[in-house]
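One structure follows; several queries about it will come next.
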Amino acid sequence: MVEKVDVSARAASIEYAIRDVVVPAIELEKEGHEIIRLNIGDPLAYDGLPTPEHMVAAYKRALDSQDNGYGPSYGLPELRQAIAEGETRKGWPCSEDDVYVTHGVTEALQIIFAAFLEEGSKVLAPGPHYPPYMAYPQMYGATTVEYRLDPDDNWRIDLEDIASKMDDSVRLLVLINPNNPTGNVATPAEIDALIDIARDYPKCTIISDEIYDGLDFTGKMCSAASRSHSVPVIALNGVSKVYFAPGWRIGYMAWHDPEGRLSLVRDGVERLLRSRLCASTPAQHGYLAGITGDHGWLETHRARVKERLDYCMRRIGEIDGLECEAPGGAFYLFVRITGESAASDKQWVLDLLHQHHVLVVHGSGFSPQYGAGHFRMVCLPPIETLAEAFDRMESFLGV
């Protein structure tokens with residue numbers, strides 16, 4: 001008998017709920033079933049939300065001119081400068097040197113965690129939250145502690161819960177704004193209060209994940225870095241969501257360090273960035289065109305997303321067994337399953353998939369404690385597709 005090579009504990013323990021539920025869906029598709037996929041935040045998977053043509057053209061020009069070589073490890077200078085100018089317009093003094101371009105926000109997180117965390121460190125992240133905030137810190141001996149978002153108050157940040165869980169081992173305090181998966185948008189007052197809490201812990205840095213900032217429907221979205229005069233803030237953003245080009249895998253981190261606390265950890269980050277060479281050169285040119293070019297197209301995309309979001313809220317409100325707090329931003333709905341069906345949200349999701357061929361993601365995959373009894377869906381498909389999906393949910397629930 002062949003002896004198998006052991007997998008590392010760190011790899012074996014990784015879970016990613018958004019993609020885990022895809023496995024049975026693929027099997028059903030192989031059997032000939034058509035699945036309505038509402039599981040992943042990829043605008044390009046649906047009609048009517050294309051990547052802007054001028055961005056695609058810039059990407060193509062880079063390819064045609066053979067601009068395919070290794071670029072600077074921290075990103076193309078002209079792109080870093082454009083990002084810095086954009087961050088400065090949000091209300092804080094960002095320079096080109098404060099910006100690092102990465103393979104999407106996910107790589108930025110991996111690099112930040114590698115530079116900040118050691119055995120015994122803690123990350124405080126909202127519950128529910130984007131799964132990598134739970135999965136990756138453990139790879140560096142750290143743990144993620146969830147703070148509560150209030151499910152009965154539009155998923156508002158529970159500041160008292162944050163204060164009760166802060167201690168000297170918390171190295172990173174995470175704000176996802178607008179939030180994935182709940183869609184809540186933090187107000188300036190909430191951000192100020194969060195910064196006030198962090199101010200008492202000099203080893204703590206705030207991560208502000210603002211990848212959905214251009215899809216704010218409340219008018220209250222603001223840059224966390226613009227609110228801080230002492231606490232370090234690392235802003236995360238990129239091309240995936242607001243520029244509708246997730247497959248390009250270009251993101252960035254912008255470092256706001258008013259008191260100069262992060263010089264040592266920034267040196268570590270720069271070492272890590274150099275060791276992995278660079279982000280995609282032609283994709284960076286495409287992103288640059290998006291930042292510096294016309295933004296009129298975004299209003300059309302945003303209106304289309306909002307129309308689909310409003311339709312979803314109306315349909316959910318008409319279905320017994322489902323409830324949903326209205327999202328303030330992004331393109332997700334975090335839907336509460338009411339009644340006995342809420343006992344196992346993952347089984348509910350799998351039953352819906354197998355019986356009616358609609359794929360959503362179980363809420364416990366975003367937080368076993370704070371997400372249980374919910375499911376996440378995207379509002380990105382055309383209304384005709386969403387209508388069919390909700391018709392099937394109604395049948396599933398026996399309405």
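Residue-wise test of (1) surrounded by 24 or more Cβ atoms within 10 Å (Cβ to Cβ); (2) at pLDDT 95 or above; (3) within 16 Å of the chain's Cα centre (by Cα).
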| residue | (1), (2), (3) |
| --- | --- |
| 157 | no, yes, no |
| 189 | no, yes, no |
| 213 | no, yes, yes |
| 223 | yes, yes, yes |
| 233 | yes, yes, no |
| 247 | no, no, yes |
| 250 | yes, yes, yes |
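Determine, yes or no, whether residue 306 is in the same structural domain as residue 38 (by TED's automatic domain parsing), among the basic types (Lys, Arg) and either on the phi > 0 side of the Ramachandran plot or modelled with pLDDT under 95 (or both).
no
Any residue in the stretch 314-321 that is of a type in the set (Val, Ile, Thr), out of contact with any helix residue (DSSP H, G or I) (no Cβ under 6 Å at 6 or more places or on another chain) and either modelled with pLDDT of 95 or more or assigned by TED's automatic domain parsing to the domain that holds residue 219 (or both)?
Looking through the stretch 314-321, at least one residue is of a type in the set (Val, Ile, Thr), out of contact with any helix residue (DSSP H, G or I) (no Cβ under 6 Å at 6 or more places or on another chain) and either modelled with pLDDT of 95 or more or assigned by TED's automatic domain parsing to the domain that holds residue 219 (or both).
Please indicate, with yes or no, whether at least one residue in the stretch 81-92 is surrounded by 15 or more Cβ atoms within 10 Å (Cβ to Cβ), assigned to a loop (DSSP other than H, G, I, E, B), outside the structural domain of residue 351 (by TED's automatic domain parsing) and at pLDDT 95 or above.
Scanning the stretch 81-92 turns up at least one residue that is surrounded by 15 or more Cβ atoms within 10 Å (Cβ to Cβ), assigned to a loop (DSSP other than H, G, I, E, B), outside the structural domain of residue 351 (by TED's automatic domain parsing) and at pLDDT 95 or above.
On to the next question. Looking only at the stretch 306-340, filter to residues that are out of contact with any Cys (no Cβ under 7 Å at 6 or more places or on another chain) and of a type in the set (Val, Ile, Thr); which one of those is surrounded by the most Cβ atoms within 10 Å (Cβ to Cβ)?
337
Return the only residue of 124, 159, 149 being in contact with a Cys (Cβ under 9 Å, 6 or more places away or on another chain) and at negative phi.
Just a single option satisfies the conditions, and that option is 124.
How about the stretch 273-289: which of its residues are of a type in the set (Gly, Ala, Ser), in a helix (DSSP H, G or I) and under 23 Å from residue 62 (Cβ atoms)?
Once the filter is applied, which keeps residues that are of a type in the set (Gly, Ala, Ser), in a helix (DSSP H, G or I) and under 23 Å from residue 62 (Cβ atoms), the stretch 273-289 yields 283, 286, 289.
Also, I was wondering about something else. State which residue pairs qualify: first residue modelled with pLDDT under 90 and inside the stretch 334-361, second residue buried (at least 22 other Cβ atoms within 10 Å of the Cβ) in any location, beta carbons under 7 Å apart, and separation of 6 or more residues or different chains.
Note: pairs meeting the criteria are 341/348.
Has the stretch 352-367 got at least one residue that is of a type in the set (S, T, N, Q), under 22 Å from residue 149 (Cβ atoms) and in contact with a helix residue (DSSP H, G or I) (Cβ under 9 Å, 6 or more places away or on another chain)?
For the stretch 352-367, residues of a type in the set (S, T, N, Q), under 22 Å from residue 149 (Cβ atoms) and in contact with a helix residue (DSSP H, G or I) (Cβ under 9 Å, 6 or more places away or on another chain): present.
Could you pull out every one of the helices (runs of 4 or more DSSP H) wholly within the stretch 116-235 that has 1 or more residues that are of a type in the set (S, T, N, Q)?
The qualifying helices (runs of 4 or more DSSP H) are 159-165.
Could you tell me whether the stretch 1-11 includes any residue that is in contact (Cβ under 8 Å) with a residue 24 or more places away in the chain and touching a strand residue (DSSP E or B) at 6+ places or on another chain (Cβ under 9 Å)?
No, because not a single residue in the stretch 1-11 is in contact (Cβ under 8 Å) with a residue 24 or more places away in the chain and touching a strand residue (DSSP E or B) at 6+ places or on another chain (Cβ under 9 Å).
Identify the single condition in (1) surrounded by 18 or more Cβ atoms within 10 Å (Cβ to Cβ); (2) modelled with pLDDT of 95 or more; (3) hydrophobic (A, V, I, L, M, F, W, C) that residue 163 does not satisfy, given that it satisfies every other one.
The number of the failed condition is (1).
Could you check residue 283 against (1) more than 30 Å from residue 374 (Cα to Cα); (2) modelled with pLDDT of 95 or more; (3) among the hydrophobic types (A, V, I, L, M, F, W, C); (4) out of contact with any helix residue (DSSP H, G or I) (no Cβ under 8 Å at 6 or more places or on another chain) and say which number it fails?
Status for residue 283: all satisfied but (4).
While we're here: Looking at the stretch 4-27, which of its residues are at pLDDT 75 or above and not in a helix (DSSP H, G or I)?
4, 5, 6, 7, 8, 21 - these are the residues of the stretch 4-27 that are at pLDDT 75 or above and not in a helix (DSSP H, G or I).
Which of the numbered conditions does residue 70 fail, given that it passes all the others? Conditions: (1) surrounded by 12 or more Cβ atoms within 10 Å (Cβ to Cβ); (2) of a type in the set (Phe, Trp, Tyr); (3) outside any helix (DSSP H, G or I).
Of the numbered conditions (1) surrounded by 12 or more Cβ atoms within 10 Å (Cβ to Cβ); (2) of a type in the set (Phe, Trp, Tyr); (3) outside any helix (DSSP H, G or I), the odd one out for residue 70 is (1).
Among the residues in the stretch 152-171, are any closer than 29 Å to residue 291 by Cα and among the hydrophobic types (A, V, I, L, M, F, W, C)?
No, that holds for no residue.
Can we say residue 369 is polar (S, T, N, Q), farther than 18 Å from residue 34 by Cβ and either touching a residue at least 24 places away in the same chain (Cβ under 8 Å) or assigned by TED's automatic domain parsing to the domain that holds residue 245 (or both)?
yes
Just wondering, is there one or more residues in the stretch 34-42 that are in contact (Cβ under 8 Å) with a residue 24 or more places away in the chain, assigned to a helix (DSSP H, G or I), surrounded by 11 or more Cβ atoms within 10 Å (Cβ to Cβ) and of a type in the set (D, E, K, R)?
For the stretch 34-42, residues in contact (Cβ under 8 Å) with a residue 24 or more places away in the chain, assigned to a helix (DSSP H, G or I), surrounded by 11 or more Cβ atoms within 10 Å (Cβ to Cβ) and of a type in the set (D, E, K, R): absent.
In the stretch 103-124, is there at least one residue being without any contact (Cβ under 8 Å) to a residue 24 or more places away in the chain, outside the structural domain of residue 327 (by TED's automatic domain parsing) and over 21 Å from the mean Cα position of the chain (by Cα)?
Yes; the residues of the stretch 103-124 include at least one that is without any contact (Cβ under 8 Å) to a residue 24 or more places away in the chain, outside the structural domain of residue 327 (by TED's automatic domain parsing) and over 21 Å from the mean Cα position of the chain (by Cα).
Let me ask something additional. Restricting to helices (runs of 4 or more DSSP H) lying wholly in the stretch 290-399: which have 2 or more residues that are among the polar types (S, T, N, Q)?
Passing ranges, in order: 345-356, 383-396.
The values are calculated or read from the model by the stated rules, or taken from the named source; none is laboratory data. What you see is a predicted model; the values in this text were computed from it and never measured. So basically every Cβ, Gly included, is an ideal-geometry build from the backbone, and we count neighbours across all protein chains shown.
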